[in-house]
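**Q** The structure is given below, and queries will be raised subsequently.
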Amino acid sequence: MNILQRKNKLYLSIVIPCHNEEIAIPKLCRKLEKVLAKSLNKPWEVFLVNDVSTDNTLKRIELISQRNPRFKVIDLKRRGGQTGAYRAAFKAASGKYILRMDGDMQDDPGDLPLFLDKMSNNYDVVVGIREARKASKFLRFATQVYNLIGILMFDSPFRDSSSSYIVFKSKYLKNLNLKHNDHRYLVLISHLRGLSKPGEVIVRNHPRLGGKSKYNSYRKLVFGVPEFIRFIIRAKRGYYN
């Protein structure tokens, strides 16, 4: 069997950016492996993307990969943020579907069967709607405004376009030249690229396990608004089509 044939047989690629997640990532991977073994009888892979961690995250994920080669390590040499992590992993991923989730245990691996059920029914993109989201009032309000703009400006079929727990058919994520923080707009980008069968599932959202949140409300307000405007301009000009 050649490499191309082997790649075409993969069903699911999971992508997890990791920045200083030495506490959460071993627990996340153990639970994820258990859920996949029980719920999915098709080939899968998990990309653990180390985004220049300053703790022992890289050592932890290398040990996980040594124990189970289906967990694959990507070690970024320069800080790329979530967009940089996704850019590298999307290029390497070979599954029919690509699922993204956070590495801090806020996204529950136990909810993965909800996505798998939708995938078995050939949905293009499935968004995890966070039940009782563990975030500040400001971030929840900003998310509501962002989602409303997405619906009004792009006729988005999704109630929540900013979730971290989402599965995509890989064709909507391939050959994308992602700009800084474009990971925040992948749902809208997929919509612009022609998805025809959108889906949503209700998922749990837990407090992060160890470490510190990567998001700052002040920075999100100051830099997020002009960044979103630049995304809208690019999208309206057909940059992602």
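**Q** Which pairs do you get when a residue that is on the phi > 0 side of the Ramachandran plot, found in region 10-25, comes within reach of a residue that is at pLDDT 95 or above and in a loop (DSSP other than H, G, I, E, B), reach meaning Cβ atoms under 7 angstrom, with the pair 6+ apart or on two chains?
**A** Close Cβ pairs satisfying both conditions: Asn20/Ser53; Asn20/Thr54; Asn20/Asp55.
**Q** Hey, can you tell me all the residues within region 73-114 that are among the polar types (S, T, N, Q) and either within 18 Å of Asp51 (Cβ to Cβ) or crowded, with 21+ Cβ neighbours inside 10 Å (or both)?
**A** If the condition is that a residue be among the polar types (S, T, N, Q) and either within 18 Å of Asp51 (Cβ to Cβ) or crowded, with 21+ Cβ neighbours inside 10 Å (or both), then Gln82, Thr83, Gln106 are the ones that fit.
**Q** Next question. Restricting region 5-56 to residues that are within 17 Å of Pro109 (Cβ to Cβ), part of a helix (DSSP H, G or I) and of a type outside the set (A, V, I, L, M, F, W, C), which is least open to solvent (accessible area, probe 1.4 Å)?
**A** Pro26
**Q** Filter region 205-231 down to the residues that are modelled with pLDDT of 75 or more and surrounded by fewer than 16 Cβ atoms within 10 Å (Cβ to Cβ), then identify the one that is farthest from Asp160 (Cα to Cα).
**A** Leu209
**Q** For region 105-131, name all the residues that are of a type in the set (D, E, K, R) and modelled with pLDDT of 95 or more. It would help to see each step written out before you state the result.
**A** Within region 105-131, the first condition is being of a type in the set (D, E, K, R), and the residues that meet it are 107-108, 111, 117-118, 124, 130-131.
Matches in region 105-131: Asp107, Asp108, Asp111, Asp117, Lys118, Asp124.
**Q** Only one of Tyr123, Tyr165 is in contact (Cβ under 8 Å) with a residue 60 or more places away in the chain, out of contact with any Asp or Glu (no Cβ under 6 Å at 6 or more places or on another chain) and closer than 25 Å to Ser13 by Cα. Can you tell me which?
**A** Testing whether each residue is in contact (Cβ under 8 Å) with a residue 60 or more places away in the chain, out of contact with any Asp or Glu (no Cβ under 6 Å at 6 or more places or on another chain) and closer than 25 Å to Ser13 by Cα leaves just Tyr123.
**Q** Quick check on region 115-130. Is at least one of its residues surrounded by 24 or more Cβ atoms within 10 Å (Cβ to Cβ) and assigned to a loop (DSSP other than H, G, I, E, B)?
**A** No.
**Q** Hey, another quick one. In region 62-83, which residues are within 18 Å of Asp102 (Cβ to Cβ) and either at pLDDT below 95 or out of contact with any Phe, Trp or Tyr (no Cβ under 7 Å at 6 or more places or on another chain) (or both)?
**A** Phe71, Val73, Leu76, Arg79, Gly80, Gly81, Gln82, Thr83
**Q** Which residue, of Ser156, Ser196, Ser162, is open to solvent by 20 Å² or more (accessible area, probe 1.4 Å), assigned to a loop (DSSP other than H, G, I, E, B) and farther than 23 Å from Gly80 by Cβ?
**A** Unique residue meeting the criteria: Ser196.
**Q** When both residues are 6+ apart or on different chains and their Cβ atoms are under 9 Å apart, which pairs have a first residue that lies in region 65-84 and is of a type in the set (Val, Ile, Thr), and a second that is assigned to a loop (DSSP other than H, G, I, E, B) and open to solvent by less than 30 Å² (accessible area, probe 1.4 Å)?
**A** Thr83/Leu178; Thr83/Asn181
**Q** I'm told Tyr146 meets every condition in (1) crowded, with 17+ Cβ neighbours inside 10 Å; (2) out of contact with any strand residue (DSSP E or B) (no Cβ under 9 Å at 6 or more places or on another chain); (3) in a loop (DSSP other than H, G, I, E, B); (4) not hydrophobic (A, V, I, L, M, F, W, C) except one. Can you identify the failing condition by its number?
**A** (3)
**Q** Just one of the numbered conditions (1) in a helix (DSSP H, G or I); (2) modelled with pLDDT under 95; (3) open to solvent by 30 Å² or more (accessible area, probe 1.4 Å) is not true of Lys134; which one?
**A** That leaves (1) as the condition not met.
**Q** Still on this model: Taking the options Leu139, Leu178, name whichever one is over 20 Å from Tyr123 (Cα atoms), in a helix (DSSP H, G or I), out of contact with any Pro (no Cβ under 7 Å at 6 or more places or on another chain) and open to solvent by less than 50 Å² (accessible area, probe 1.4 Å).
**A** Criteria check complete, one pass: Leu139.
**Q** State whether the residues of region 76-83 include one that is in contact with a His (Cβ under 7 Å, 6 or more places away or on another chain) and under 21 Å from Ser170 (Cβ atoms). Explain how you work it out, then say what you get.
**A** Step one: filter region 76-83 for residues in contact with a His (Cβ under 7 Å, 6 or more places away or on another chain), giving 82-83.
Okay, now just the ones that are also under 21 Å from Ser170 (Cβ atoms), so 82-83.
Checked against the condition, which is being in contact with a His (Cβ under 7 Å, 6 or more places away or on another chain) and under 21 Å from Ser170 (Cβ atoms), region 76-83 yields at least one hit.
The values are calculated or read from the model by the stated rules, or taken from the named source; none is laboratory data. Quick caveat: nothing in here was measured; it's all calculated off a predicted structure. In this analysis, Cβ positions are derived from the backbone assuming ideal geometry, glycine residues included, and neighbour counts consider all displayed protein chains. Just the protein is used for accessible areas: all its heavy atoms, side chains included, with ligands, DNA and RNA removed. Shrake-Rupley method; radii C 1.70, N 1.55, O 1.52, S 1.80 Å.
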